[in-house]
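First the structure, in the form of structure tokens, and then the observations on it.
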Amino acid sequence: MTDASRTVLEMRHITKRFPGIVANDDVSFDLREGEVHALLGENGAGKSTLMNILYGLYHPDEGEIEISGKPVRLGTPSAAIDAGVGMVHQHFMLIPVMTVAENIVLGEEPTHAGAFLDLGEANDRVREISERFSLAVDPKARIEDITVGQQQRVEILKALYRNADILVLDEPTAVLTPQEAKELFEIIQGLTAQGKSIIFISHKLNEVTEVADRITVLRRGKKVETLPAEGATEESLARLMVGREVLLRVEKGPANPTDLLLEVENLHVFDDRGIEKVRGLSLDIRAGEIVGLAGIDGNGQTELIDAMTGLRGVAAGTVTVAGDDVTTASAYGHFNAGLGHIPEDRQRRGLVLEFSIAENIALHDYRQAPDSRFGWLYPRRLIERGARLIKEYDVRGGGAQTRAGGLSGGNQQKVVLAREIDRNPRVLIAAQPTRGLDVGAIEFVHRRLIEERDEGRGVLLVSLELEEILSLSDRILVIYEGEIVGEFSPDASEEELGIAMTGGGRGQEAAA
Amino acid sequence: MSDLETPPPADPSGLGPEVKQSLLGRYDVAQKAGGLLAPVLTAVLAFAVGGLVVLVTTGKNPLTTYRAIFDGAGFNWFFPWVTGDERSIAALNMQQTLILTTTLILTGLAVAFAFRCGLFNIGGTGQYIVGAVLAVWIGSSFQNTNSLLHIFLAAIAGAMCGALWAGIAGFLKATVGAHEVISTIMLNWIAVFVGVFLFGLGGPLQNDTQEFIPISNDVVEGAKLPVFWGDPLLQGLHVGFFVAIGALVVYWLILNRTTLGYGVKAVGFNPEAARYGGISVSTNYFLAMAISGAFAGLAGAIDILGWQFRLSTNDVSGLGGGGVAFVGIAVALLGRNTAVGVALAALLFGGLLTGTSTRNLDPEIFKPELASNLTLLIQGLVVMFVGADLIVLWLMARMRRRKPA
Amino acid sequence: MTSLALPLAARAPRGLRTVAWIGIALGLLGAWVALPPISSRSWVWSLVLCLVAVMLGAGVLIRGERRFGGFAIAAGVLGFAVAYFATVSSLGKLDTVVVWSALFAAMLRYATPLIFAALGGMFSERSGVTNIGLEGMMLMGAFFGILGADKLGAWYYGLLVAIGAGALMALLHAVLSIHLRADQIIGGTAINFLSLGLTGYLYIDIYGLEGTPTDISGIPQVNIGVIDGIPFIGEVFGHLNLMVWVALILVPLSWVVLFKTPLGLRIRSVGEHPRAADTVGISVYGIRYGAVVLSGMLAACGGAYLSIGFLNSFSENMTAGRGFIALAAVIFGNWRPFGAAAACLLFGFSTALAYRLPEYSSSAAVLFLALPYVLTLIAVAGIIGRSIPPAAVSRPYKKS
């Protein structure tokens, strides 16, 4: 750490309002040279908003910003870049069909003869910076062909190419394996040793305590406290983040798995590009248990779920639901065989937002009695069922004929749950069921899933949040590169799971 | 933060459906929000701009021009103070307007139905032509058949052929994802050329008795639709009008009371969710286009059986430049793809087209050829305003200001 | 036989493409063998050549290179069909219809307006804005070209006015699509309506029912005297209109701009991932506006060529769907300048052929005019492999 007392960035009394919400409420934040300063908070606490203001994507309603002592107006990303601010976004701002070098030099392209693109020069410059900061990448590779960890390095290089001294990393480990995250922390150390200052946005307590020098906690748009990382514990930070005692695990009784409800045998599935994503995968789910499927995004979960629910063709292998072979059945056939599916993206895949709640609930069954007969629809029956389920699942925000789009995220997810569960499926597949929901809604979903397990259904929980998997599952399967590489009990540690998720320790059955 | 996501892959032609979904979604909100207000305002705005064009280019008072068009359309027939000769002229005009309205209702429904499924059917012209061709062929063959049966056959054949023609585009969309805008436009032109071929000199369906005129045979008396208002010899209003009204009812019923309509709407609003729900997106694309084409084909058939009675190559090639089927697009958009909306918009445009025709517009007030291009301009303005949602956005902003956030 | 050749080539995709090109060439050769000047009367040679073409194409296709494999198969099949029909038709008719030099010259003439519009459409789509209004902008160019040439006395004034008119219409489309975030297809359709109505209105208002005067200054031909003697080349290239040459030059120029300049890189980035471009300081709106206005100007050039370069007159709706064919060419050519131009040449060739085929049957002559539209339909149906558009095309961009 170089000159620890020099302040390179000061954001004072920043306030930013959006319609209906104050995203940042009088937040003050400073950054010292060579430090790693973590910005901690729940979803919606205002971390990303604050950083977007720093990067010129938003304009604050009140407050000033000073960089190295000089007041600055950051009206556009260009202004921020000129002031030495670089941002590595959570969802990468990279163009898949272009090469690493093209992405890095975009906007400040080297030219020869003043008019023509000099890609040779670009490749050289990229190679030079990547060596200087030990961020190995191939300048000529296309983004869509490299790994997520490498893509993140390209994002960092983009900022370094533009001489950023202040680097903002927005939830950088969200898409990384535990190993890649460790590499990232090493990279961060290397960068600070060279004088760069880093703002690290996260909601993961363990990372923040490991990598940061100081931690600023935001809650509901306000700054709660800035404290040194030494001496901060996960519990104390959690309390600051949420404002109350947080139950990190959900309460549930033991499982009693009985009949085999879902059997997947030696499944082979290809994705749209013809790449085999599921390679001889087998799993089974019994009545009365929750099976968690852990894995890094992109290891075949999506294709597996698509194949299991009839949305994608199966190249080889079988899928059996309660004794019926549904391998070649349509999605509709799967639903009729007793499968329930809570899809990953409730707004894009789970609901037709312009339909009413009642119409959404009828999405699978509208072609059957009592909703319709011989093609003739009976809207009143849809409305009746909708009203009943709204009451049963305590859906707030409207009646059976209200547009689903007018509900909050949590209530929308309740509608999806209601629809799937009311049909009495034998097996329920829940993909990222609590993504983007607030704490109260998450609690509801978790409780409901456990209730369904206790009623004798089989639940497959596919999630990218290890915490959720660990707290809900009776059995944990790890998927890596299209195969099940390990089965664990819920007592397993995150490290064990992490190792399996990256393909290490294969063949070891780490049972209880 | 959802707006930082990378976009999902689009269909092979790059003319993606995602944007149209939001358009349907915006309509939907507008329906509940503005109701009748938005379409009325859109129409008023379009006419206002049209009037401006009139003023600027010809120096004539747009209000007198519009008044002349109004009378020429026969709308003054509704005024009880109009009597005598003026009244009978108005009646005649109103019959003409309603004849056109019949066609526009059907072509408007065609476009509207496809829109409900998220598809843009610009192929009304081609579907209309094939419907007309079938109707004129069947209508001019089979002498001495039961009138009702004959008419029924011809109309159904026309509708089926229209469904088939649109079905080609629907099939391509459903199987390889070919964008329906380009495929239907190509099918339009192909239909035009096929029609010109069929009725051209030496063509297979050319008139049996007049070998130097490129025209079809006439529809036989028994297959002509009876006229119920006005004089058959002066092109009175025929019962096809009721077919159009019936079509409106059928449209509403399909969309709101059948499982087919549910599927079509679901796919139109959110094809992803529909797929995940177990609904076949490609089947619905095909069916929506086919039903859409059926409406347009029926329009062609009704026109032939109702007042045209024959097709010449000029008729066919004239349609290529944008005839009644083309206006259907503006009708559907202005009518916000609803049955009531389409009916009213069809009446408006029917009146506009009649009022600006050579027969009904006094050249002293405004040149009719200019006027027909004026109607094209107004259609374009309507489409533009609807597409840009200007009115809707303004209305929504006003509504938000009234309600607390 | 072919399976021996393929494994070597199949190591690299570039090898596959070369094999596919060989297949395409063989298919074309198979057709050519039966046509003048060789006019083989037996279709056996053609069969052999085309069969090899199909097999090569199939081999390439199976190994993953679908587009070019499909092209080779198509070349083989169509080539044989052409050869067969050539062998069963009389030599006399064949000689009248298949006059290669006349066909190629006509192909260039018919393709030129398409090339202008297609290049424009390509830039617009590459920046992420779908431009269905190319047809309308072309029509504006056609009318205002004649108007300008007539009222201002010379063809270059006409061309300038045409470009201006196209730019204005495109500006309207840009505002609708970019700032108002309207549905780009509906917006484009509105542009077409407006253009049709506006040009028809002004045409009747200014020229009435007599039509445009017959002595308007037209865009001149470029007469290259030196090559007149050379058999094929002289006839095809010796007397082409200036605009044809401009179009031909614009194709490689567009390629250089799009792929070899920073501007091209930025245009492409805006079309693939506008937010990524925004975060490095590129003006998404600015680039899109520029690309759309450029597309209008280019389409108008195509229209102006039609009216003051080719036909020397204007009639209502004279573009007759060419703008849409140009858009299909862009898709067919995979949003690349040379690909789109090649598609335009193909469509131009089919039109040229269509005008000569009446030799065979005058009443069916009209059907042959539908050929370019049928080809477009086949192209868009993606039967010859799918194309991948710019990822963000037709999605409006919202700055927060």
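Just so you know, all these numbers are worked out from the coordinates, no wet-lab data involved. Small disclaimer: the values here were computed from a predicted structure and weren't measured. Neighbour counts are summed over all protein chains in view; Cβ atoms, including those assigned to glycine, are modelled from backbone coordinates with ideal geometry.
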Under Karplus coefficients 6.51, -1.76 and 1.60, residue-wise ³J(HN,Hα) of the stretch A:129-142 in Hz, glycine/proline x: 5, 5, 6, 4, 9, 6, 10, 6, 9, 9, x, 8, 6, 7
Two-decimal Rg/Rh across the stretch C:139-196, once Rg and the Kirkwood Rh are taken from alpha-carbon atoms: 1.11
Residue-count net charge about A:Gln412 - beta-carbon cut-off 14 Å; Lys, Arg +1, Asp, Glu -1: +1
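Would you calculate a helix-derived [θ] at 222 nm for chain C, using -39,500 (n - 2.57) for each DSSP H run of n ≥ 4 and dividing by the full residue count, to the nearest 500? Don't skip to the answer; put the middle values down first.
Working: 18 runs with 279 residues, N = 400.
After summing the helix terms and dividing by residue count, I get -23000 deg cm²/dmol.
For the stretch B:175-247, count the residues as N, evaluate 2.2 N^0.38 Å, and divide the Cα radius of gyration by that value, please. Mind showing how you got there, number by number?
Details: Rg = 17.9 Å, N = 73, 2.2 N^0.38 = 11.2 Å.
With N residues counted in the stretch B:175-247, Rg over 2.2 N^0.38 Å equals 1.60.
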Over the protein assembly as shown, volume per residue of the alpha carbon convex hull, in Å³: 208
Using DSSP to define loop residues, name the trypsin sites (Lys or Arg not before Pro) in the stretch C:23-113 whose beta-carbon has at most 14 other beta-carbon atoms within 10 Å. C:Arg41
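More than 13 angstrom separation, counting every C-alpha pair in the stretch A:135-182; what % is that? Don't skip to the answer; put the middle values down first.
Working: 674 of 1128 pairs.
Percent of Cα pairs beyond 13 Å in the stretch A:135-182: 60.
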Per residue of chain A, what 222 nm ellipticity follows from adding -39500 (n - 2.57) for every DSSP H run with n ≥ 4, rounded to the nearest 500? -9000 deg cm²/dmol
Note the per residue figure in Å³ for the convex hull of the C-alpha positions in the stretch A:344-388. 77
Grab the DSSP H runs of chain B that are 4 residues or longer, score each as -39,500 (n - 2.57), total them, divide by all residues and round the 222 nm result to the nearest 500 deg cm²/dmol. -23000 deg cm²/dmol
Antiparallel content of DSSP bridges confined to the protein assembly as shown, in %, to 5: 60
Over the Cα atoms of chain A, what is the Rg over Rh ratio if Rh follows Kirkwood? 1.00
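Test of understanding: ordering C:Met137, B:Met289, A:Met241 by Cβ neighbours within 10 Å, fewest first, what list do you get?
Working: C:Met137 38, B:Met289 32, A:Met241 19.
In increasing order of surrounding Cβ atoms, one gets A:Met241, B:Met289, C:Met137.
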Stokes-Einstein, Kirkwood over Cα pairs, the stretch B:102-244, 25 °C, 0.890 mPa s; D in µm²/s equals 149
Expected output is a single nm value to one decimal: the length gained when fully extending between A:Phe185 and A:Tyr332, i.e. 0.36 nm times separation in residues minus the C-alpha distance. What is it? 48.2 nm
FRET efficiency (C:Tyr156, A:Arg273; Cβ distance; R0 51 Å; to 0.05) is 0.50
For A:Asp284 and B:Thr175, extending 7 Å from Cα along the Cα-Cβ vector and measuring point to point gives, in nm, a value of 4.2
So which residue, out of B:Leu253, B:Leu205, B:Leu348, gets the largest mean-square fluctuation from a GNM of chain B using Cα contacts under 10 Å as springs? B:Leu253
Whole-Å distance, taken between Cα centres, linking the stretch A:437-478 and the stretch B:39-57: 59
From the C-alpha gyration tensor of the stretch B:17-402, pull out the three semi-axes of the equivalent ellipsoid (sqrt of 5λ each), sorted largest to smallest, in whole Å. 31, 29, 19
Please compute the Kirkwood hydrodynamic radius of the stretch B:83-161 from all pairs of different C-alpha atoms, in Å with one decimal. 14.9
Relative contact order in percent for the stretch A:53-109 (Cα pairs under 8 Å, 6+ apart) equals 30
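Relative to the present Cα-Cα distance, how much length would full extension add between B:Phe79 and B:Ile245 at 0.36 nm per residue of separation?
Numbers: separation 166, 0.36 × 166 = 59.76 nm, distance 2.35 nm.
Value of the extension gain: 57.4 nm.
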Unit Cα scatterers, Debye sum, the stretch C:113-234: log10 I(q)/I(0) for q = 0.14, 0.19 Å⁻¹: -0.70, -1.00
Can you give the three extents of the C-alpha atoms in the stretch C:99-380 along their principal axes, from longest to shortest, in whole Å? 59, 43, 39
Where the Cα atoms of the stretch A:200-328 are projected onto their three principal axes, how long is each span, largest first, in whole Å? 57, 40, 24
Which cross-chain or sequence-distant (5 or more) residues have an amide H under 5 Å from the amide H of C:Ser40, H modelled 1.01 Å from N in plane? C:Ala34, C:Leu35
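So if each residue of separation counts as 0.36 nm, and I subtract the Cα-Cα distance between C:Glu210 and C:Val175, what length gain in nm does that give?
Contour length minus Cα-Cα distance gives 9.0 nm.
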When a footprinting reagent is the concern and you count Cβ atoms within 10 Å, what order do B:His238, A:His203 take, fewest first? A:His203, B:His238
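Quick one: if the Förster radius is 35 Å, what FRET efficiency do A:Glu144 and A:Glu234 give, using the C-beta to C-beta distance and rounding to 0.05?
Values: r = 37 Å, r/R0 = 1.06.
Given R0 = 35 Å and the Cβ-Cβ separation, E is 0.40.
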Along the Cα→Cβ direction, 7 angstrom out, place labels at C:Val48 and A:Arg380. What is the inter-label distance in nm? 8.0
Descending semi-axes in whole angstrom, ellipsoid equivalent of the stretch B:281-371, from the Cα gyration tensor: 28, 18, 12
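For an R0 of 45 angstrom, estimate the FRET efficiency from the Cβ-Cβ distance between C:Ser40 and C:Ile224 and round to the nearest 0.05.
Numbers: r = 33 Å, r/R0 = 0.74.
Given R0 = 45 Å and the Cβ-Cβ separation, E is 0.85.
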Placing each pseudo-label 7 Å from Cα in the direction of the beta carbon, B:Ile213 and B:Asp362 end up separated by a distance in nanometres of 3.4
